[in-house]
Each structure stands twice: as C-alpha cells, then as structure tokens.
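One structure below.
The values are calculated or read from the model by the stated rules, or taken from the named source; none is laboratory data. This one's a predicted model, so the numbers in the text were calculated from it and none came from an experiment. Positions of Cβ are backbone-derived with ideal geometry, glycine not excepted, and every protein chain shown enters the neighbour counts.
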Amino acid sequence: MVALKFKDFKLYSYKIPLRKTLKLKSVSIDSREGLILKIFDSDDNCGFGEIAPLPGFSRENLEEAKSQTIQICNALKKTLSPKKPEKISDAAIDFPGEVYPSVSFGVASALLILSANSRNISLSELFNKDCNSSLEVNALLSGEKEEILASLAHIKESNYRSVKLKVGSRDLSEDIDLTQKVREELGESINLRLDANRSWSLEQAAAFYNETKDCRIEYIEEPVSNSSELQLLLADSSLGIPVALDETLAEIEISDFKKFSPANVLVLKPTLLGLEKAIGFAELAKSQKIACVFSSSYESVLGLSIIAQLAAGNSTNSACGLDTLGIYADDSYLKLFPVKNGRIEMKNIEIFDKQFESLTLSEV
C-alpha cells in the first residue's frame, strides 16, 4: 500500500426539509439533519462521508456524532497508519475506542473514497474490480392505504421488479387486506417485500402470514417485537414465514448470528450498523449463501450514493432499499441519483463532488 498523507478535514452540517412528516418509531420528523465529512491528502485528493444518526433508531444523537467525528479526525491526523486503506478493516483499524455506527460509516467511507480517488477508481472498484455496473432497487410503499394503492400504477409503469410495503402500524386485519390488494394490483411478476418494524407478537405474525401466504411474499423484515420471539419464530419451520433481519443486526455481534441463522435475508444499513459491521455481515451472507439487501436510513443523496457503491462493490444481486429521495421537498436530488426501470446505473452516481455541491451546507 502507498503512503496516505492525510492532511486535513472539514465538517459540514445540513438540514433538508421533507415533503411531509415522516413517522419513525416513537418520533416524527419534518426535516433530515446530518453531517458531511470531507477529508484531504497532500496531493489534493479528497474523500467524502456522511454522518446522519436516524432518530428513533440510532443510539447516538447528532451532537454526540459530531463531537466524536471531530475527535476521531483530529486523532487520525496524528496517528493514522501511513498507508492507503484498501479494505474496510484498513480504514477502521486506527479508530480510537468504541465508535458510534453513524460515525464509523462516515469516517471510514471518507477514508476509502480518498484512497479510491487517489487511484482513479471508484469506491465500488476498490472493493471489487469486477463490481456491478448497475443495481436493482425496490420501490418503497408507505403512507395511507389510498395513497399506496394509487401509486401502484406508476410503479408498474416504471418497471420496478421489487416493492417494499410498510406494515404493522395498522390493525392486523387492515394490513392483511392491504397486502392482498397490493399483490392483486401488482400481479405475479413483481417481488413483494414487507417491513413490520417489530410491530407484532408471534401470534399476530403467524396469523398475518396464514392469511397472506398466497401473496408470494419475498420476506418480512423484523416481524416480531423482541429477540426471544424472533428466535422462536425462526425455530418453528411449520410457520413458513420468510424472515429478514434488520434492527436485530444492530443489536448482535457477527459471531452471534448463528442464533438467527434460519433467517432468509440480511438488511444492511451502514448508518445503523457502522461500515465495518455492515461489510462483515455482507461477507457472512455471501459465505452462507443468504441474500443481503443494502438499504438507506434516509441519508442525503451523497450518503445514498456511497451506500450504492458499497452494494455494487459487494456484488449484491438483491434489489437494494435505496429509492428514498422522494421524501425530500427538493426534487433536484433525484437527478443526481436517477432510478430508471427500477435500476441505478453506477456510472451516473460515481462523482461525489456533484452530490456534495448539491447540498446546502454550513461548515461546523
């Protein structure tokens, strides 16, 4: 590896208004707030990262993340091993102490992108020279029942092959009815994913799936409310529920996964897991032939582009959960992350300078 020559960094804050209020577990937000990290080397190469704890899901808040990011970057200027990182373990090895997941994602991403830029390759190529040139994404269905059903015609016209429906916030009978109607409207050719966000008991999850198993559900993310019930569900093969792990991954170590190994899919959110842990789970999924889905935690267009490159570099074949820019009031971000025919062409999102310049930022 070549000398890194880490020189300096700048940290910026953003606050992006949303199109409408977004309900996240116990909180609701009208704007998305976060930090953008830009680091430099002595040859004027730069790297970018995003640090944006998600209210209701991240254990750290934005002020804590900002403080730790500044601390780490100041420490790295003095102690970073004089080598260009070639993989995530190289980028994270010199982090001092326990690092918040959103900070791990932002700082490690910036270091890796700096390394990639100095080599004139993309971030995805840094992970894998045979990386994907495009990614499939799933459309996201959320909101009121009428709004969801009205959006299905556009999704079909836009040639999405996968959609994800949020369930769990309605009465169980309403969720069953909506799931059946969505499947009926979509037809058989589009994959249907559900996200219950730990809303059900084991009995409710079983009752729901008993009524919807003919809907050809690809998987249900986190169907039950706690780890104990999740293990019982996974152990009972008679239920037949295809399960995806999301929040659970943030609570366990990679070595603990064997307790949940009957799971069908891993949903990887680098902002909530940290970058090293997200990639570690991706490698585990590949070794055990389990599908993994790289997914957004409602980052800005810059953070979203970074996650897309991580997915491409890890050669995922599952549709990614990256079609989230529609929540923002400003439609211009969609031009910098264009989804056409349910896919993202990587060549359209590989220049992070454009995403950085599109954001309204205040230097911290």
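Based on this model, can you work out whether Ala150 counts as surrounded by fewer than 21 Cβ atoms within 10 Å (Cβ to Cβ) and not acidic (Asp, Glu)? Considered against the rule, which asks whether it is surrounded by fewer than 21 Cβ atoms within 10 Å (Cβ to Cβ) and not acidic (Asp, Glu), Ala150 comes out as yes. Any residue that is under 23 Å from Pro55 (Cα atoms), modelled with pLDDT of 80 or more and not acidic (Asp, Glu) - is there at least one of those in the range 118-129? Among the residues of the range 118-129, not one is under 23 Å from Pro55 (Cα atoms), modelled with pLDDT of 80 or more and not acidic (Asp, Glu), which makes the answer no.
Just one of the numbered conditions (1) over 30 Å from Ala196 (Cα atoms); (2) surrounded by 20 or more Cβ atoms within 10 Å (Cβ to Cβ) is not true of Lys10: (2).
Of the candidates Leu230, Leu234, Leu275, Leu266, the single residue that is in contact with a Pro (Cβ under 9 Å, 6 or more places away or on another chain), assigned by TED's automatic domain parsing to the domain that holds Ala196, without any contact (Cβ under 8 Å) to a residue 60 or more places away in the chain and surrounded by 23 or more Cβ atoms within 10 Å (Cβ to Cβ) is Leu230.
Summed over the range 350-364, the residues that are under 18 Å from the mean Cα position of the chain (by Cα) and either of a type in the set (A, V, I, L, M) or not in a helix (DSSP H, G or I) (or both) give a count of 1.
Please work out if Ser162 is surrounded by fewer than 20 Cβ atoms within 10 Å (Cβ to Cβ), within 18 Å of Leu304 (Cβ to Cβ), in the same structural domain as Asp246 (by TED's automatic domain parsing) and within 18 Å of the chain's Cα centre (by Cα). Answer is no for this residue. Screening the candidates Leu18, Leu80 for the property of being at pLDDT 95 or above, farther than 24 Å from Gln309 by Cα and among the aliphatic types (A, V, I, L, M) yields one hit, Leu18. Looking only at the range 237-251, residues that are surrounded by fewer than 17 Cβ atoms within 10 Å (Cβ to Cβ) and more than 17 Å from Asp195 (Cα to Cα) come to 3 in all. From the list Arg170, Arg193, the lone residue that is of a type in the set (Lys, Arg), surrounded by 16 or more Cβ atoms within 10 Å (Cβ to Cβ) and either under 21 Å from Glu229 (Cβ atoms) or in the same structural domain as Glu229 (by TED's automatic domain parsing) (or both) is Arg193. Could you check, for the range 111-119, whether at least one of its residues is more than 17 Å from Ser189 (Cβ to Cβ) and not in a helix (DSSP H, G or I)? So far as the range 111-119 goes, no, none of its residues is more than 17 Å from Ser189 (Cβ to Cβ) and not in a helix (DSSP H, G or I). Take Phe281 and tell me if it is closer than 17 Å to Gly49 by Cβ, touching a Leu at 6+ places or on another chain (Cβ under 6 Å) and among the aromatic types (Phe, Trp, Tyr). No, not satisfied.
Scanning the range 128-151 for residues that are part of a strand (DSSP E or B) and touching a helix residue (DSSP H, G or I) at 6+ places or on another chain (Cβ under 7 Å) yields Ser134, Leu135, Ala139, Leu141.
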